[in-house]
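Reading through the structure tokens given below for one structure.
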Amino acid sequence: TLVAEVICGELGRRLGLRVPELVTIELDPVIGLAEPDQEVQELLKASGGLNLGMDYLPGSLGFDPLAYEVGAAEAGRVVWFDALINNVDRSWRNPNMLVWHGDLWLIDHGATMIWHHNWPGAQASAAKPYNASDHVLAPFAPDIAAAAAELAPLVTEELLTEVAADVPDAWLADEPGFSSTDELRRAYVAPLLARAATIHERITLDAPAANRPSQAPGWLTERLPPRPQPAGEDRAAAAARTGQEGGR
């Protein structure tokens, strides 16, 4: 949901993780009238009002665990953060990470904090452990203990309150069981604050799934054969031609 995107995205950025900047924008549905693609046009026309925008990272690539290396410290921070917010959508099947200028960027936090879909059971849900066995960064020996020591002290009630305040009132209104948007914001703060203190003790890393790729595909590791080099007189002639072309 958009609420989860804002809270978790902004929390990640405040903890020093790379998350593209998020902004709220008012979209006039009339913008869709000039869109030639019918499907996109319908989406634009149906999206009038307050929307969430994310900074565009030009030239970024989707993260592939078989193509990139990630250090244990950075892997630990990402896994710990995902455990904190109970992110179930950062697996090798769908990493939801980008590589931009050689750095790892985290995106798409809509499938987090599953307890906010059932507030009466939120406390019990937030107390559950986090199984990171299927996490896209599990193979990189994430240093979770170091990440917890670094990040957990930063997750204060004040910080979480600031992050929750970034959510527009319109996206929090009319939630059953809450008398005001401020009360609902406090409900978002409580599970995250409690979870930050002990979640590192409840992160499990079991054996990877049997269908998880264990090596890069051939197209990624294939090396082109070296170009044949001319021998003897042919090599001299090639060098002469190169010199002539360079002098033109």
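The values are calculated or read from the model by the stated rules, or taken from the named source; none is laboratory data. All values derive from a computational prediction rather than experimental measurement. Methodologically, a virtual Cβ is constructed for each residue, glycine included, from the backbone with ideal geometry; neighbour enumeration extends over all protein chains shown.
Worth a mention:
- Leu172 satisfies every condition listed in (1) of a type outside the set (Gly, Ala, Ser); (2) within 14 Å of Arg195 (Cβ to Cβ); (3) modelled with pLDDT of 95 or more except (2).
- Residues of region 61-105 classified as more than 30 Å from Val189 (Cβ to Cβ), at pLDDT below 95 and among the hydrophobic types (A, V, I, L, M, F, W, C), total: 3
- Residues that are surrounded by 15 or more Cβ atoms within 10 Å (Cβ to Cβ) and not acidic (Asp, Glu), drawn from region 169-185: Trp171, Leu172, Phe178, Thr181, Leu184, Arg185
- Of note, Asp108 satisfies the criterion of being among the acidic types (Asp, Glu), at pLDDT 95 or above and part of a loop (DSSP other than H, G, I, E, B).
- Selection from region 21-50 of residues that are in a strand (DSSP E or B) and either surrounded by 13 or more Cβ atoms within 10 Å (Cβ to Cβ) or β-branched (Val, Ile, Thr) (or both): Leu22, Val23, Thr24, Ile25, Leu27, Leu50
- Yes/no for Thr161 being out of contact with any Phe, Trp or Tyr (no Cβ under 7 Å at 6 or more places or on another chain), among the polar types (S, T, N, Q), at pLDDT 95 or above and crowded, with 17+ Cβ neighbours inside 10 Å: no
- Options Arg18, Arg13, Arg77; residue that is within 30 Å of Glu175 (Cα to Cα) and either among the basic types (Lys, Arg) or in a strand (DSSP E or B) (or both): Arg13
- Screening Tyr56 with (1) outside any strand (DSSP E or B); (2) under 23 Å from the mean Cα position of the chain (by Cα); (3) surrounded by 15 or more Cβ atoms within 10 Å (Cβ to Cβ) gives one miss only, at (3).
- Conditions (1) more than 20 Å from Arg18 (Cβ to Cβ); (2) surrounded by fewer than 21 Cβ atoms within 10 Å (Cβ to Cβ); (3) of a type outside the set (S, T, N, Q); number of the one not met by Asp143: (1)
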